[in-house]
1. Can you show me the helix-derived [θ] at 222 nm for the chain, built from DSSP H runs with n ≥ 4 at -39,500 (n - 2.57) apiece and divided by the number of residues, rounded to the nearest 500.
2. At q = 0.13, 0.14, 0.15 Å⁻¹, what is the base-10 log of I(q)/I(0) for the stretch 175-224 according to the Debye formula with one equal point scatterer per Cα and no solvent? Please give it to two decimals.
3. Show me the GluC sites (Glu not before Pro) within the stretch 118-191 that DSSP assigns to loop and that have at most 14 other Cβ atoms within 10 Å of their Cβ.
4. Using a cut-off of 12 Å between alpha-carbon atoms, which aspartates and glutamates can reach K37, once sequence neighbours fewer than 8 places away in the same chain are excluded?
5. So how much slack lies between A497 and K384, counting 0.36 nm per residue of separation and subtracting their Cα-Cα distance, in nm?
6. How high is the FRET efficiency between N729 and R273 when r is their beta carbon distance and R₀ equals 25 Å, given to the nearest 0.05?
7. If I model a spin label at L286 and D642 as a point 7 Å from the Cα along the Cα→Cβ vector, what separation in nanometres do I get?
8. Compute the long axis of helix 132-145 from its Cα atoms, compare it with the longest principal axis of the Cα atoms of the chain, and write down the angle in degrees, 0 to 90, nearest 10.
Amino acid sequence: MRRFLDTLVAALILLAPLAAQDDEARFRSGQADKLNKFAQQAFDKGFPRQARLIWLQTIKLYDPDSEDAHKGLGHVRAGNSWAPNPDFEYPLDDTGSSKDGASLFKAYEKLKEDLASGHRRQAQKWAKADRTDKANEHYGMVLRWVKDDREAQEALEHRDVGGVTGTELEQTLYDRSKLIEKAVNEQSSVDYAVDKVDSKAQVLDRAQVPYVSVRSEHFLLHGDPDQEEFLKQALVWAERTIRVCQAAFPWQVRVGGEWAFFTGKDTYKQVLRANADMVPNLEWKLENTSTSGVGNVVVGATGSVQVLYDACVRNVAKAYSQFRSDALSEGIGHTFVGMMFNNNRLFAVDLEKQQGTTASEEDREYTSPDFDVWKTLALEMAWKMTGGVAAIDLPYVEAAAFSNEQRIKAWSFCDYMMRRDPGLLKKLDELGMAQRQSGQKRPLDLAAAFEESGATVAQLDKEWEDFWTEATPVLQAIRNNTPPLSAISKGVEKWLAAFNEARAANNAAPVTWSSNLSTRCMEHAEYLKANKDERGPASEHRELADLGGSHLASMFAQMAVVETRAKIGKAEDMFEAWMTIPGYRDALVHDFLRSVGIYTEGDILVMNVVSGLGAPKSRKSGYLCHPWQNATGIPAEASVADIGPELEALLEKNGRGGQKTVGYPLTIHFGQSVQGDRTSYRCNAVDARGNRIEGAILLDSGTIRRSTAPGMVTFYPFEPLPRGKVAVNWSWEVDGQARTLQATFQTK
């Protein structure tokens, strides 16, 4: 009997781990089922983007072989694994109602509590079995789903970090994130001296191009003579970026340089050809690039003012980081542009050809200038089980073959590592460049050498995943994201329908709506609700830090469409009034707008009409003007106060300060960016008798949506338009070729 009992005990001891494993497997399967059920519900209710994230979470966190999740994502089984179905295009547009969205948000919050409770019970079981490792694993998952579980916090021995709890590493991430944010916010309002100087640049003189020169403390910048004001502001941004770099990097670098940025691509090519002896791979650079080193001068074509500022910020970041590998140098450039502007307008290699041949909505998003869109792409990349870009591969990437996925990973990895430890980025860059110079690619050797820094590349990749998927309360606090399902305002579908009716009246194609694109709208609407004195064109398109705003929020507000007296019952009248406000009109007339963000808070309406720009689905792609040919009933005038301070400044510049009205603004719309030579734009408008209508042109160089929009040129007649027929002739140049657009219309 004793032998039998001993044998039974031994058997039970052997079976206990197997039973625990079976229990763990059943638990994970149950959690996966809960997520799959919610994902299918979100998909069926018309919120596919939220469904996709949940299915990705199911696969990553609980069941790599989940049939429901893989099929929901459009995957097909390939042997023992799953692969994307090349014939399946996942839908991305939200079509659900605000009622369903609100219901889903409540259901998801309840689901998170349920998932956390399950992990808490599992943790308790493992703790009783003295398996602290497994218990802590589940307690960590508890905090992934709910941020304030006291039992999990105590078990994991967390410390207080920014109002939540976390680890020593998370304390570092939080502190460095706040340090960088503080530097950006402070520098965004600091001015630095920039003066016009008489300075010659031999590479420009050889090309015989006209230019003006401006100098700041650290930089000399040349550019088009009529762009002096913007060249000076570009160097202010460069000087600001130096100070942010000094705060963000643990090393100090003397940064300076000489740059030449012109609006026209033709001028850029002319400079390169005139200095062909100093430009290796000349033909490739002429075809594929917008910036290049020519001797000791960085020369570029920046197109718009925003791209000019972008170029100067990234030049500083690249020089200060001292990274030499293509991917990490580009990644750090994107990182600082994102910090300063939350917008990205310049690529090392032009993506114009890709943009013209994109086959899907997802391809379009990779070329979006909006970092909020890129953040969503990084999030989805971090959730993927396989097929992503490994950090170990980044030092080997060649600029000429930089894929969309590599660009997103390079930027998002650099963004994370700036918060973690920039020195580790520098080590990875140095090791990778040493191998490239030796002509050998040895990832295993690179990984082994990197371990001497005290971390592994695989570990940093996992940390990158945790950061972007917000695996802990601290990481959630750092990201500080508004959940898309919470940014679904009551009646949003009615506003979308009204907006599309207004677009249809202006011969524009209907757009879709996105909860992802509505999160910034919600944040700005709440800011305006809390600050009732912030009204008028200038105030509605900014956020002040001392009123609860932030620099990045203010950057969004600049190009948002805002209405503080919005009523759905009077939507038609409101949209008609928008037609006299050029930047708002832009959102109603062209087909480059594919998707919008919308949020309402009482009578406050905020729209995101920038993030969803892309190549039109319609065949009538290209530019258009307003008023269009044969239009009738056009108003004669517009209020200067309604359009705002940028028009006031233009009038002041032309000796018309204090003027209360102008003629009805005439606009030409290119959707994403103004094409061709920006200095060549002319608008010749005449009345029925051939008398010239005097006025001035304003391009997309401002910071207030009412007078500025991406890809819009506006002609402001100084006086109300005459009654009757008006003929307009727009002219400009693209690659040295003359372009024109004419329209004749009737005023009221």
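1. Values: 29 runs with 359 residues, N = 748.
Mean residue ellipticity, 222 nm, calculated: -15000 deg cm²/dmol.
2. -0.50, -0.55, -0.58
3. Numbers: sites: E137, E151, E154, E157, E168, E170, E181, E186; in loops: E157.
Here the sparse-neighbourhood loop sites are E157.
4. Result set, ordered by chain and number: D68.
5. The A497-K384 span can extend by a further 37.2 nm.
6. Values: r = 33 Å, r/R0 = 1.30.
It comes out at approximately 0.15.
7. For the pair L286/D642, the computed spacing is 5.0 nm.
8. 30 degrees
The values are calculated or read from the model by the stated rules, or taken from the named source; none is laboratory data. Note that the structure is a prediction, hence the values are computed from the model and not measured. Please note: Cβ atoms are built from the backbone with ideal geometry, for glycine as well, and neighbour counts cover all protein chains shown. Calculation scope for accessible area: heavy atoms of the full protein, side chains included, ligands and nucleic acids excluded. Shrake-Rupley method; radii C 1.70, N 1.55, O 1.52, S 1.80 Å.
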